[in-house]
1. How large is ³J(HN,Hα), in whole Hz, for each residue of the stretch 10-17 in order, when computed from phi with the Karplus curve 6.51 cos²θ - 1.76 cosθ + 1.60 and θ = phi - 60°, using x for Gly and Pro?
2. For the full complex of protein chains and a 1.4 angstrom probe, list 162, 47 by accessible area with the highest value first.
3. Just name one of 114, 147, 128: the one whose Cα is farthest towards the positive end of the charge dipole of the stretch 105-203 (beta-carbon charges, Lys/Arg +1, Asp/Glu -1).
4. Taking θ as phi - 60°, what are the ³J(HN,Hα) couplings along the stretch 131-145 by the Karplus curve (6.51, -1.76, 1.60), each to the nearest whole Hz, with x for Gly and Pro?
5. Report, by chain and number, residues whose modeled amide H sits under 5 Å from the one on residue 85, excluding near sequence neighbours (fewer than 5 apart, same chain).
6. Over the stretch 95-192, give the accessible area per residue in Å² for a 1.4 Å probe, as an integer.
7. Mean residue ellipticity at 222 nm from the helices of the chain, using -39,500 (n - 2.57) per DSSP H segment of n ≥ 4 over the full residue count, to the nearest 500 deg cm²/dmol?
8. Roughly how tilted is helix 185-197, in degrees to the nearest 10 and between 0 and 90, from the longest Cα axis of the chain?
Amino acid sequence: MVIREELDLAQEDGNLPTILVAGSAPGESGVSIRFVRFVGGLHLSGTVQQHLICFQLAQACFDCRIGGRTLRHEPPAGSLAICPANIDCSADAKGSVHAIFISVDPRHLALAAAEDSALESQLIDRLAGCDQELLSVANALVSESRSNYPNGPLFWNELAGTFISGLVARHASRPQLQIRGTLGEDVLVRLRDYIVANIAESIEVAELAKIAGRSPFHFSRVFSRSVGLSPHRYIVHLRLQRALQLARSGQAGLAEIAVRTGFADQSHLWRWVRRVHGVSLTQLVSLPAPEQRKPS
């Protein structure tokens, strides 16, 4: 995932700024970064399909706009601005500026919100703000990316997850009433409990729809809109969580874990682990817990 071309970046002379670091580690973290140097001035404009979080690392006078809101200010270094997906934004500044741009897949934010019992949370647009915890994680993401992920892609993906969780906890609002055409939190709890209880079995969308009291077709659309994943991908998400728990506990061999978590076989499990986490299952299990590893 990248910050898409809808975002126009330029420095004072009209040329593109220097991209110092960019990209995302292997795996499906839902987060991509750019660390950018603007010489003489900064211009940013466009509408991105991902949530966009910007940290400016040098004090300057900014003219900012998100949607119909504008602000001229001189924020301290390290300040952030947040532009939710599909909202038009722009910023202009005089002087040389270093900035970190982090794009977040809205589907990953929705999943993090659902897992934090904050279903249907919406990211709040911010023209200015301060969040030292998010800035610290953003700097760690830049450091890991610049050094080609010395702690491994899983660690980078865990940092990305921490970043998204921080957005949900401190920069998202929850609707006062359930939005029409979405799942309620009580329904999601019942669905999750059913999937976990039947994790080793074949789980049909029709059965999940029955639990939610909806037709299978309508259920799949509502579920994806509410949780950020299709019902099938959400089942895989819970299967992988359980498989990792079993693997790290040493309770069973990998072939048995695949059977106990509903994968067709060990190879099927390995493919999903590689796709989602960016490492093999053996590497995933051998890595120490996240809190025991520090970014370089």
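1. Once rounded to whole Hz, the list reads 8, 9, 4, 7, x, 7, 5, x.
2. Putting 162, 47 in descending order of accessible area: 162, 47.
3. About the Cα centre, the residue reaching furthest to the positive side is 128.
4. Here the 3J(HN,Hα) series is 8, 5, 5, 5, 4, 4, 5, 4, 5, 5, 4, 4, 4, 4, 5 Hz.
5. It is 51, 52, by chain and number.
6. Numbers: 4300 Å² over 98 residues.
Per residue, the stretch 95-192 has 44 Å² of solvent-accessible surface.
7. Working: 10 runs with 121 residues, N = 296.
Calculated at 222 nm, the ellipticity per residue is -12500 deg cm²/dmol.
8. It is inclined by approximately 50 degrees.
The values are calculated or read from the model by the stated rules, or taken from the named source; none is laboratory data. If you're wondering where the values come from, they're calculated on a predicted model, not measured in any experiment. As a convention, Cβ positions derive from the backbone with ideal geometry for all residues, glycine included, and neighbour counts pool all protein chains shown. All accessible areas refer to the heavy atoms of the entire protein, side chains included, with ligands and DNA or RNA removed. Shrake-Rupley method; radii C 1.70, N 1.55, O 1.52, S 1.80 Å.
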